[in-house]
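Have a look at the structure below, then the notes.
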Amino acid sequence: MKRRTFLAAIPSTVLIAGCVTNDAEPTNDIDDENRDPYNQPAQYDEVKHLTVQNSLNESINATIVVRDLDTGTVLSETNITTPEPREDERAVRAEKSVPTADESGNYTAAITIEGRGTVTTEFDLRTPVSDPVLYIGLAPDDGEPFGAGVDGAPAV
C-alpha cells in the first residue's frame, strides 16, 4: 500500500513542477504601434501650453491655431496681444498662453498676425519639464511675413 501512495505522489509532484517551470513567452502590455520612439510618456498630467515671446519691433495682435499633425484636429484657437518690446528688451511675453495638448506627439501652430499674414511651424512635445515657448520674430527669409518657431527643449 505504501508503494502505491508513493507512486501516486510522484506523478502529482512532476505535474505540479511542470506547471511551475513552464515558462511561456512573457506578455508585454505595451502596444508597439502607439509606443513613442523617444521612450517618453504618452500622456501628461496636464495640458501643456505654448508661452508666446514677441521679438518683432511692434505690438502684435495674433490668432494662434494649434493642430495635431497626425490627425489634423484643431486643439485650440487663441487670440493674443503683446506690446512692442522696449529698447532694453529683446522680446516681450504675451499675457496669455496657448493650450496645446496633454500627450506626447507632433503638432503645428499657425500664427496669423493682423497686417502681416500667416506662418505655420511644426513642433513636437517630448517630456517638456516646462511649457514650450513659441518665438515670433523677424523672418529669416524676405519672402515670409515674419518668423516663428517653437522651442520644446526641457528647461533644466
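Read the figures in this text as sums done on the coordinates, not as results from a lab. Note that the structure is predicted; figures quoted are calculated from it, not measured. Reconstructed Cβ throughout: ideal geometry from the backbone, glycine too, with neighbour counts over all protein chains shown.
Applying 0.36 nm per residue to the separation of Asp70 and Ser55 and subtracting their alpha-carbon distance, the gain on full extension is 2.4 nm. I'd like to know which of Tyr135, Leu125, Thr100 lies farthest towards the positive end of the charge dipole of segment 92-143, counting +1 on Cβ of Lys and Arg and -1 on Cβ of Asp and Glu. About the Cα centre, the residue reaching furthest to the positive side is Tyr135. Would you tally the net charge around Asp102, using a Cβ to Cβ cut-off of less than 9 Å, leaving Asp102 out, and scoring K and R as +1, D and E as -1? Computed value for this residue: -2.
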